[in-house]
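Comments concern the structure below.
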Amino acid sequence: MPTPYATVSEADLTLRDRLALDRTVLANERTLLAYVRTALALLAGGVTLLHLVDEPWAVVLGGVALPLSVVVGAYGAWRFGAVRRRLRAVG
């Protein structure tokens, strides 16, 4: 996917363009934190279900939540890195 500012020189970027890039960087960081928060919630919920509830459904649900937390965290980190690389190519 071509970057929108790839053909624009650094000197031609306006303040509005620079601020838009800054807002996008901050939004990317907030999105990463949301993925981390979700992964930690899944991890805590899975551990709680496995250790405190003695029902078979809790073991299944806790067993699913633990690997899902790793997947969510890894996907969030990958997505953050991909967007960050694209933003660095622009600005």
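Counting only alpha carbon atoms, the long axis of helix 15-52 and the longest principal axis of the chain meet at about 10°. Computing FRET efficiency as 1/(1 + (r/R0)^6) for residue 22 and residue 78, where r is the C-beta to C-beta distance and R0 is 22 Å, gives about 0.45.
Note on the stretch 15-90: with charges restricted to the Cβ of Lys and Arg (+1) and Asp and Glu (-1), its dipole about the Cα centre is near 740 debye. The simple spin-label model puts a point 7 Å past each Cα toward its Cβ; for residue 41 and residue 90 those points are separated by 2.8 nm. With the highest mean first, a sort of the peptides 23-33, 47-57 on other beta-carbon atoms found within 10 angstrom per residue produces 23-33, 47-57.
We did not get these values from a lab; they are worked out from the coordinates using the rules stated. Small disclaimer: the values here were computed from a predicted structure and weren't measured. When we count neighbours, we look across all protein chains shown, and the Cβ atoms used for this are built from the backbone with ideal geometry, even at glycine.
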